[in-house]
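Here is the structure we will look at.
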Amino acid sequence: MAEASSAHTTASPARRSAHQLDGLVRIAVVIVLIGLVELLCRSGLIQPTTMIAPSAMARHAWEILREGKFDKDIAISLANIGAATVLAVILGFICGLLLHALPGLRSAIEPLLASYYAVPTFIFYPVFIVLFGVGSAPIIAIAVLLAIVTMITATLNGLDRIPRALHKTARVLRLTPWQSAVRVKLPAALPYLFTGVKLVVAYAFIGVIASEFILSGSGIGYAIGYAYNNFENNDMYALMFLVLASVTLVNLLLNALDRRLQARLRR
């Protein structure tokens, strides 16, 4: 027992060091790539009409935020992304619970889930226009449709890994299916579900921004498309920089939370 405890103690610092090294390597790669693009832009090998330097993107992005030029578009996009994320997580978790409780239905549905992303979800936009009208609702629906399957898959994966002892405990305590899902299954599967949540956020960003770019009259995606069509490179690249910075920040926060959950799982 003492040897196992000692091995675990020595392994943990090694694992933390490996994570830190991976993080430093990722940061170094990003810095090198940004520096290379900056050098190419500043040297004139990349013309300003094609791309502005990353430092100019960041400076103009700060000016946009300070002046509030696109505050309405940013707020609309963030609201759509938030709504799509919440809906996809809730609906995906519920669908995953149902499929896990019905093995026959799961066997029939799983091949469809595996090939789901071969279907271009944007073709359903006319249907959503008919169902929900023009506005944010069709955009949110497309983002949910794009993201929900990752949550279903993560839910099934998490529920499959719950120890049988916990299922027996729920039966012994005579919990209802709802009580069992909330009090037993959800806490036990949470570390695995969080992987699904991270992917849902990524797909929500993709679904909303892409939909606004080609289908909407407002939002960051629309603003980027408008700037592109009117040759406003500074606005276009500054908005793209804001999107990239936002996604990076959200991913860093989610990865930090995920590491804590995974550490809790290992204990």
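The values are calculated or read from the model by the stated rules, or taken from the named source; none is laboratory data. As the structure is a computational prediction, the values presented were derived from the model and not from experiment. No Cβ is skipped: glycine too gets one built from the backbone with ideal geometry, and neighbour counts run over all protein chains shown. Surface accessibility is based on the protein's heavy atoms, side chains included, excluding ligands, DNA and RNA. Shrake-Rupley method; radii C 1.70, N 1.55, O 1.52, S 1.80 Å.
Could we say that Glu110 is open to solvent by 60 Å² or more (accessible area, probe 1.4 Å), free of Cβ contacts under 8 Å to residues at least 60 places away in the same chain, of a type outside the set (A, V, I, L, M) and within 21 Å of Tyr226 (Cα to Cα) here? Before you say what the answer is, go through the steps one by one.
Values: open to solvent by 60 Å² or more (accessible area, probe 1.4 Å): yes; free of Cβ contacts under 8 Å to residues at least 60 places away in the same chain: yes; of a type outside the set (A, V, I, L, M): yes; within 21 Å of Tyr226 (Cα to Cα): no.
When the stated conditions are applied, Glu110 does not pass them.
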- request: Among the residues of the range 210-229, count how many are part of a helix (DSSP H, G or I) and either over 20 Å from Ile52 (Cβ atoms) or open to solvent by 60 Å² or more (accessible area, probe 1.4 Å) (or both).
  value: 10
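Looking only at the range 156-173, decide whether some residue is within 20 Å of Leu199 (Cα to Cα), open to solvent by 70 Å² or more (accessible area, probe 1.4 Å) and not in a helix (DSSP H, G or I).
Going through the range 156-173, the residues within 20 Å of Leu199 (Cα to Cα) turn out to be 156-161.
In the following step, the residues that additionally are open to solvent by 70 Å² or more (accessible area, probe 1.4 Å) were identified as 160-161.
Subset that is not in a helix (DSSP H, G or I): 161.
Yes, there is a match, as at least one residue in the range 156-173 is within 20 Å of Leu199 (Cα to Cα), open to solvent by 70 Å² or more (accessible area, probe 1.4 Å) and not in a helix (DSSP H, G or I).
Would you point out the residue of the range 235-247, among those that are closer than 16 Å to Val37 by Cβ and not aliphatic (A, V, I, L, M), that is surrounded by the fewest Cβ atoms within 10 Å (Cβ to Cβ)? Talk me through it step by step, then tell me what you get.
Going through the range 235-247, the residues closer than 16 Å to Val37 by Cβ turn out to be 236-238, 240-241, 244-245.
Adding the requirement that they be not aliphatic (A, V, I, L, M) leaves 237, 241.
Numbers: Tyr237: 22, Phe241: 20.
Selected residue: Phe241.
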query: Just a yes or no: is a residue in the range 140-152 over 22 Å from Leu254 (Cβ atoms) and hydroxyl-bearing (Ser, Thr, Tyr)?
result: no
- prompt: Would a scan of the range 67-85 turn up a residue that is open to solvent by less than 80 Å² (accessible area, probe 1.4 Å) and assigned to a loop (DSSP other than H, G, I, E, B)?
  reply: yes
field: Residue identified as modelled with pLDDT under 80, touching a Ser or Thr at 6+ places or on another chain (Cβ under 9 Å), under 19 Å from Cys95 (Cβ atoms) and of a type in the set (A, V, I, L, M) among Ala143, Ala189
entry: Ala189
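Among the residues of the range 198-205, are any open to solvent by 50 Å² or more (accessible area, probe 1.4 Å), assigned to a loop (DSSP other than H, G, I, E, B) and of a type outside the set (Ser, Thr, Tyr)? First the steps, then the outcome.
Within the range 198-205, the first condition is being open to solvent by 50 Å² or more (accessible area, probe 1.4 Å), and the residues that meet it are 199, 203.
Add one more test, that the residue is assigned to a loop (DSSP other than H, G, I, E, B), and what stays is none.
Within the range 198-205, not a single residue is open to solvent by 50 Å² or more (accessible area, probe 1.4 Å), assigned to a loop (DSSP other than H, G, I, E, B) and of a type outside the set (Ser, Thr, Tyr).
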message: Where the second residue is not in a helix (DSSP H, G or I) and the first is among the aromatic types (Phe, Trp, Tyr) and lies in the range 227-249, which pairs have Cβ atoms under 6 Å and are six or more apart or on separate chains?
response: Tyr237/Ile52
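Is it fair to say Thr153 is open to solvent by 30 Å² or more (accessible area, probe 1.4 Å), touching a Leu at 6+ places or on another chain (Cβ under 7 Å) and either closer than 25 Å to Lys198 by Cβ or charged (D, E, K, R) (or both)?
Values: open to solvent by 30 Å² or more (accessible area, probe 1.4 Å): yes; touching a Leu at 6+ places or on another chain (Cβ under 7 Å): yes; either closer than 25 Å to Lys198 by Cβ or charged (D, E, K, R) (or both): yes.
Against the criterion (open to solvent by 30 Å² or more (accessible area, probe 1.4 Å), touching a Leu at 6+ places or on another chain (Cβ under 7 Å) and either closer than 25 Å to Lys198 by Cβ or charged (D, E, K, R) (or both)), Thr153 qualifies.
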query: For Met151, which of the numbered conditions (1) free of Cβ contacts under 8 Å to residues at least 60 places away in the same chain; (2) in a helix (DSSP H, G or I) fails to hold?
result: (1)
field: Selection from the range 129-145 of residues that are of a type outside the set (Val, Ile, Thr) and open to solvent by 30 Å² or more (accessible area, probe 1.4 Å)
entry: Leu131, Phe132, Gly135, Ser136, Ala137, Leu145
Selection status of Ile148, modelled with pLDDT under 90, open to solvent by less than 60 Å² (accessible area, probe 1.4 Å), touching a helix residue (DSSP H, G or I) at 6+ places or on another chain (Cβ under 9 Å) and β-branched (Val, Ile, Thr): no
task: Considering only the range 144-186, state which residues are under 21 Å from the mean Cα position of the chain (by Cα) and farther than 16 Å from Leu98 by Cβ.
output: Val144, Leu145, Leu146, Ala147, Thr150
